[in-house]
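The values are calculated or read from the model by the stated rules, or taken from the named source; none is laboratory data. None of these values were measured; they are calculated from a predicted model. Please note: Cβ atoms are built from the backbone with ideal geometry, for glycine as well, and neighbour counts cover all protein chains shown.
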């Protein structure tokens, strides 16, 4: 199998995993789960792949679907991109992850240790699930 074919197969594996495992009830770009709704966009081709998503509450979604004003709806997109590492012989990839979380309480320059732990756990879990989907050790 050529490197390009292997890369495309790995991207398709991740996209399939996201659609069936992370967001099992995807309909028309909107995903519903017991924990809420997720607006999701995904894209892939030979140059790479990305998945961007954001939690959105049902009331806001219904208002936007009814042509309401969406300017006040907070959207904090998160996601990841998988790109080839440029080494044609190795078949490696680069993974970039971006996550946003709402910090509750007073805005201060000092992050609470719990917030740092939450972000660390979320990043670690996300990376591990992507690696599992790709069959990477």
Subject >> Of residues in region 54-78 being closer than 18 Å to residue 118 by Cβ and not in a loop (DSSP other than H, G, I, E, B), the one modelled with the lowest pLDDT >> reply: 55
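For region 105-117: of the residues being surrounded by 10 or more Cβ atoms within 10 Å (Cβ to Cβ) and within 28 Å of residue 131 (Cβ to Cβ), which is modelled with the highest pLDDT? Talk me through it step by step, then tell me what you get.
Start the filter on region 105-117 by keeping residues that are surrounded by 10 or more Cβ atoms within 10 Å (Cβ to Cβ), which leaves 111-112, 115-117.
The next check asks that each one be within 28 Å of residue 131 (Cβ to Cβ); those that pass are 111, 115-117.
Numbers: 111: 64, 115: 76, 116: 79, 117: 82.
Only one residue tops the list, namely 117.
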**OP:** Please work out which one of (1) surrounded by fewer than 15 Cβ atoms within 10 Å (Cβ to Cβ); (2) under 30 Å from residue 134 (Cα atoms); (3) free of Cβ contacts under 8 Å to residues at least 40 places away in the same chain is the condition residue 74 fails and give its number.
**Re:** (2)
Subject >> Residues of region 91-101 satisfying the condition of being part of a loop (DSSP other than H, G, I, E, B), exposed (fewer than 15 other Cβ atoms within 10 Å of the Cβ) and either touching a residue at least 12 places away in the same chain (Cβ under 8 Å) or touching a helix residue (DSSP H, G or I) at 6+ places or on another chain (Cβ under 6 Å) (or both) >> reply: 99, 100, 101
**OP:** Only one of these is surrounded by fewer than 17 Cβ atoms within 10 Å (Cβ to Cβ), at pLDDT below 85, in contact with a strand residue (DSSP E or B) (Cβ under 7 Å, 6 or more places away or on another chain) and within 26 Å of residue 119 (Cβ to Cβ): 36, 29. Name it.
**Re:** 36
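Yes or no, residue by residue, for (1) more than 20 Å from the chain's Cα centre (by Cα); (2) modelled with pLDDT of 80 or more; (3) exposed (fewer than 10 other Cβ atoms within 10 Å of the Cβ); (4) part of a strand (DSSP E or B):
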| site | (1), (2), (3), (4) |
| --- | --- |
| 49 | no, yes, no, yes |
| 80 | no, yes, no, yes |
| 88 | yes, no, no, no |
| 103 | no, no, no, no |
